[in-house]
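Values in this text are rule-based calculations from the coordinates and carry no lab data. For clarity, every value in this text was computed on a predicted model and none was experimentally measured. Please note: Cβ atoms are built from the backbone with ideal geometry, for glycine as well, and neighbour counts cover all protein chains shown.
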């Protein structure tokens with residue numbers, strides 16, 4: 001399994017993870033980032049080229065998979081952005097409280113085991129008026145598609161390193177202490193509907209909590 005995780009899975013994500021409809025959304029939302037940025041689950045680094053150097057000072061890139069890190073390092077060299085890779089000690093993001101202006105998450109919240117706790121950790125490192133930019137996939141609003149998602153989830157979890165296709169990401173973001181300010185949704189990419197219902201938008205910390 002280690003060989004699959006470090007070698008086969010990164011290759012699979014690189015081949016399938018950025019078709020044109022998804023790339024177009026990335027090109028629209030990633031440039032919204034500004035200041036000091038934390039990107040969680042950077043994968044092979046496909047977002048790096050979309051950060052606006054006029055608005056972003058530094059990117060902290062969090063990725064636990066060594067095979068993904070090798071590909072992300074290649075992307076970092078191509079883009080010449082100020083990107084620093086971080087190692088993940090347990091479930092805690094290795095940054096100080098209120099230390100970043102923007103957190104970016106694309107197709108990451110579907111795989112994190114303790115997802116609500118992870119979102120709360122994002123809130124910890126964000127400045128009070130910072131923002132979370134997200135682009136995630138998960139639970140469809142259509143009952144027939146939901147049934148297929150429930151049936152196919154074991155396959156997704158096995159092949160895509162723990163990916164859950166039945167997570168209601170906007171609801172989880174709310175449970176993690178955020179208010180969603182901007183949200184779009186729909187089926188994207190040339191994949192079955194069970195794996196391609198997506199949300200993208202911007203959330204901010206709920207300062208009442």
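Obtain the nm distance between the two label points defined at residue 85 and residue 155 by a simple spin-label model: each point lies 7 Å from its Cα along the Cα-to-C-beta direction.
3.3
So, how do all the Cα-to-Cα distances of the chain break down into 5 Å bins, in percent, from 0 on up?
1, 7, 16, 20, 22, 18, 10, 4, 1, 0
Compute the distance in nm between two label points, each set 7 Å from the Cα along the Cα-to-Cβ direction, one at residue 184 and one at residue 124.
3.3
Ignoring solvent entirely, what values of log10 I(q)/I(0) come out of the Debye formula for the range 142-209 at 0.16, 0.28, 0.29 Å⁻¹ when each Cα is a single scatterer?
Taking Cα atoms of the range 142-209 as identical point scatterers yields -0.64, -1.20, -1.24.
Name the shape class, rounded, prolate or oblate, that the alpha-carbon gyration tensor gives for the range 22-70, where a ≥ b ≥ c are the square roots of its eigenvalues, rounded holds for a/c under 1.5, and otherwise prolate holds if a/b is larger than b/c and oblate otherwise.
Note, shape of the range 22-70 comes out oblate.
Neighbouring Cβ atoms within 10 Å as the yardstick, rank 124, 76 fewest first.
The fewest-first ordering by Cβ neighbours comes to 124, 76.
If I take every Cα pair under 8 Å that is 6 or more residues apart in the chain, average their sequence separation and divide by the length, what percent do I get for the relative contact order?
19
Among 71, 151, 146, 208, what is the fewest-to-most ranking by other Cβ atoms within 10 Å?
208, 151, 146, 71
Only bridges with both residues in the range 86-209 count here: give the DSSP antiparallel percent, nearest 5.
Given both bridge residues lie in the range 86-209, the antiparallel proportion sits at roughly 70 percent.
What ranking of 42, 202 emerges when the number of other C-beta atoms within 10 Å of each C-beta is taken as an exposure proxy, fewest first?
So the residues, fewest neighbours to most, are 202, 42.
Restricting to the chain, compute how many DSSP beta bridges are antiparallel as a %, nearest 5.
Rounded to the nearest five, the antiparallel share is 45 percent.
Between residue 111 and residue 57, how high is the FRET efficiency from 1/(1 + (r/R0)^6) when r is the Cβ-Cβ distance and R₀ = 35 Å? Nearest 0.05.
0.80
From the Cα gyration tensor of the range 39-97, with a ≥ b ≥ c the square roots of its eigenvalues, which class applies: rounded if a/c is under 1.5, or else prolate if a/b is larger than b/c, or else oblate?
Judged from the Cα gyration tensor, the range 39-97 comes out oblate (a/c at least 1.5, b/c at or above a/b).
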